[in-house]
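The values are calculated or read from the model by the stated rules, or taken from the named source; none is laboratory data. Keep in mind that this is a model prediction, so the values were computed, not measured. Positions of Cβ are generated from backbone atoms using ideal geometry, with glycine treated the same way; all protein chains shown enter the neighbour counts.
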Amino acid sequence: MKNIADQRYYLVREDVLTDAMQKTLEAKHLLQTGAVTSIWDAVKQVDLSRSAFYKYRDAVFPFHSIVQERILTVFLQLEDRKGTLARLLSTVTDTHCNVLTIHQTDSDSRAGKCYTIT
């Protein structure tokens with residue numbers, strides 16, 4: 001399998017997915033919610049072959065699951081020194097991550113500022 005950074009993703013409407021892809025999503029949902037306890041039970045319930053399930057299980061995902069897995073909120077208290085936040089943001093970008101928001105709150109202590117980074 002390719003490195004995730006080298007893969008390309010597409011957002012497509014559900015009605016253009018093949019039946020096997022749609023049934024794979026249904027089977028994965030049954031497994032995630034605990035409605036069934038085994039892959040065999042899931043594919044049987046949605047009328048899908050196990051080979052089709054294994055073919056698509058790592059390739060099709062509901063849009064919300066991709067988005068949820070890729071957003072991280074971090075709360076940090078940094079020393080109130082010149083360049084501290086800049087160095088932190090440099091480290092974040094060096095790891096090929098993006099910063100969506102930064103929220104700064106004043107701290108009651110002299111330890112520094114509090115930041116929430118998304």
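Observations
- You will find that of Ser90, Ser65, the residue that is modelled with pLDDT under 80 and small (Gly, Ala, Ser) is Ser65 and no other.
- Restricting the range 26-48 to residues that are touching a residue at least 24 places away in the same chain (Cβ under 8 Å) and part of a loop (DSSP other than H, G, I, E, B), the residue that is farthest from Val12 (Cα to Cα): Asp47
- Taking residues in the range 71-91 that are under 13 Å from Gln104 (Cα atoms), and partners anywhere that are surrounded by fewer than 11 Cβ atoms within 10 Å (Cβ to Cβ), the pairs with Cβ atoms closer than 8 Å and at least 6 places apart or on different chains are Asp80/Arg110.
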